[in-house]
Amino acid sequence: MHAIQIKAPGKIEYISCDSTPLKKGEVRIEVAVAAVCGSDIKNIQNPQQLPMIPGHEFSGRVVEIGEDVNEVLKIGDRVTIFPMISCMACEACNEKRFRDCEKKIGVGFNRSGAFATEVNIDSRFVIPISDDITFEQGALLEHLCCGYRLTQEIINSNKSNGSQILIIGDGPIALADLQFLKNANYNHIFVIGKRKSRLEIFLEMGAEKVFDIDELDALKSLSFDICIFAAPADSVLSEILSLFKSDAIIYPQTRIRDNSIMDYIKHNGLVLGRAFAYYFEDFKVVMDLILNKQIKTDELISKKISLKEYVDSYSINPMEKERAKTLIFNEQFR
């Protein structure tokens, strides 16, 4: 097999290596397409384990089945995965909150991931994809589930469709959030970002207004019911906290690291919402939305390259921020 492997912080190599034998309950998936997540780039810069094959958003085909795998999965099945391999025994797992499992193992972080021609996965976390979903779309499903589940959390809050929503960040996750919010008839959506080309996409996709990160004064006449913190921009959030209504909900899709912000939230009646906690069943819902053309995927893709090309691209500009998602193709996939 071939793979991209993190050798040291900030250093990746294209390698050839032997296939890993399947353990009980595992299947081998030939990777068709892997999507690059911001967390993958962070992991390459500051890896949790070394050496490590990164990548957790992908699609492919089952090519081998190990012992004790249920009969639902068959060789040739088109699949993606739920990328948190959880213990399946704790309270969180019993309630199907697998991302909250304290013993979970992250694919691409604590065990070999999908920036490779193949990957072994616990069959309980393998999700079949529809024959009408392309492999490119299949690689984007996990990413899109984040936006879908966030929108469901907002729908289940006490906030109406007339709420004013502020998204901080102009990256791919924010683009997914916008699509699902618009699909749920939330129309007063504002976006703060720092890349003009990306902000233009948000306007095309239905944002009411966009703001450059250096023009925050232009927001001063607004007030917000909901904030989606979709990029690591604590300084921006700190500067605009006074624009949130007293019962506003803040959804942290990335970690808020500034303790003073957390203190402000605690002492001023603001609420921290739950984000990223998607469920297995969300994948089927998102697939249906794609097939019904309610969610677009082409707008999320900005570059398509091979495994080896990604290594070369990363060495030139390791922290390159794309207009949207980079997809890595397995050229050997048939």
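The values are calculated or read from the model by the stated rules, or taken from the named source; none is laboratory data. These figures come from a predicted structure and were not determined experimentally. Heads up, the Cβs are rebuilt from the backbone with ideal geometry, glycines too, and the neighbour counts pull from every protein chain shown. Just so you know, the surface numbers come from the protein's heavy atoms only, side chains and all, with ligands and any DNA or RNA stripped out. Shrake-Rupley method; radii C 1.70, N 1.55, O 1.52, S 1.80 Å.
Accessible area per residue, 1.4 Å probe, Å², for segment 221-321: what's the number? Intermediate values should be presented prior to the final figure.
On the way: 5180 Å² over 101 residues.
With all protein chains present, segment 221-321 gives 51 Å² per residue.
Taking only Cα atoms and a 10 Å spring cutoff, compute GNM fluctuations for the chain and point out the largest among Leu181, Leu141, Leu270. Its mean-square fluctuation being the largest, the pick is Leu270. Spacing of the modelled spin labels on Cys87 and Val63, each 7 Å from Cα toward Cβ, amounts to 3.4 nm. Taking 20 Å as the cut-off, the amide N atoms of segment 266-298 that come nearer than this to a point 7 Å along the Cα-to-beta-carbon line of Asp247 belong to 266-274.
Which of Lys42/Lys104; Lys11/Lys42; Lys11/Lys303; Lys194/Lys284 have a Cα-Cα distance over 23 Å?
Working: Lys42/Lys104 19 Å; Lys11/Lys42 12 Å; Lys11/Lys303 21 Å; Lys194/Lys284 33 Å.
Exceeds cut-off: Lys194/Lys284.
Under the simplified labelling scheme, the Lys42-Asn292 pair shows an inter-label distance of 3.3 nm, with each label point 7 Å from Cα along Cα→Cβ. Between Arg124 and Asp312, the modelled labels are 4.3 nm apart [label points 7 Å from Cα along Cα→Cβ].
Of all aspartates and glutamates in the structure, the ones whose alpha carbon falls short of 15 Å from that of Lys196, not counting any fewer than 8 places away in one chain, are Asp170, Glu204, Asp212, Asp214, Glu215, Glu322. Labels on offer are (1) 34, 22, 19; (2) 28, 22, 21; (3) 38, 22, 18, and the one holding semi-axes √(5λ) of the Cα gyration tensor in Å computed from this structure is (1). Taking the longest Cα principal axis of the chain as reference, the axis of helix 307-316 is set at about 50 degrees. Structure remark: mean-square fluctuation, Gaussian network model of the chain, C-alpha springs under 10 Å; the largest value among Asn161, Asn120, Asn292 belongs to Asn292. Carbon and sulfur together cover what percent of the accessible area of the chain at a 1.4 Å probe radius? Carbon and sulfur together cover 46 percent of it.
The string of couplings for segment 93-101 from the Karplus curve (6.51, -1.76, 1.60, θ = phi - 60°) is 5, 4, 8, 6, 9, 5, 5, 8, 5 Hz, one whole number per residue in order, with x for Gly and Pro. Taking every DSSP beta bridge that has both residues in the chain, what percent is antiparallel when rounded to the nearest 5? Around 55 percent of the beta bridges assigned by DSSP in the chain are antiparallel ones. Mean-square fluctuations from a GNM of the chain, with a 10 angstrom spring cutoff on Cα atoms, peak among Lys220, Lys182, Lys103 at Lys220.
In a reduced charge model with +1 at each Lys and Arg Cβ and -1 at each Asp and Glu Cβ, segment 185-228 shows a dipole moment near 120 debye about its Cα centre.
Subtracting the Cα-Cα distance of Asn185 and Tyr14 from 0.36 nm times their residue separation leaves 57.1 nm of extension gain. Here the sum of -39500 (n - 2.57) over DSSP H runs of 4 or more residues, divided by the residues of the chain, equals -8000 deg cm²/dmol at 222 nm, to the nearest 500. To the nearest 0.05, how large is the calculated FRET efficiency for Asn259 and Ile75 if R₀ is 45 Å and r is the Cβ-Cβ distance? The pair Asn259/Ile75 has a calculated efficiency of 0.30.
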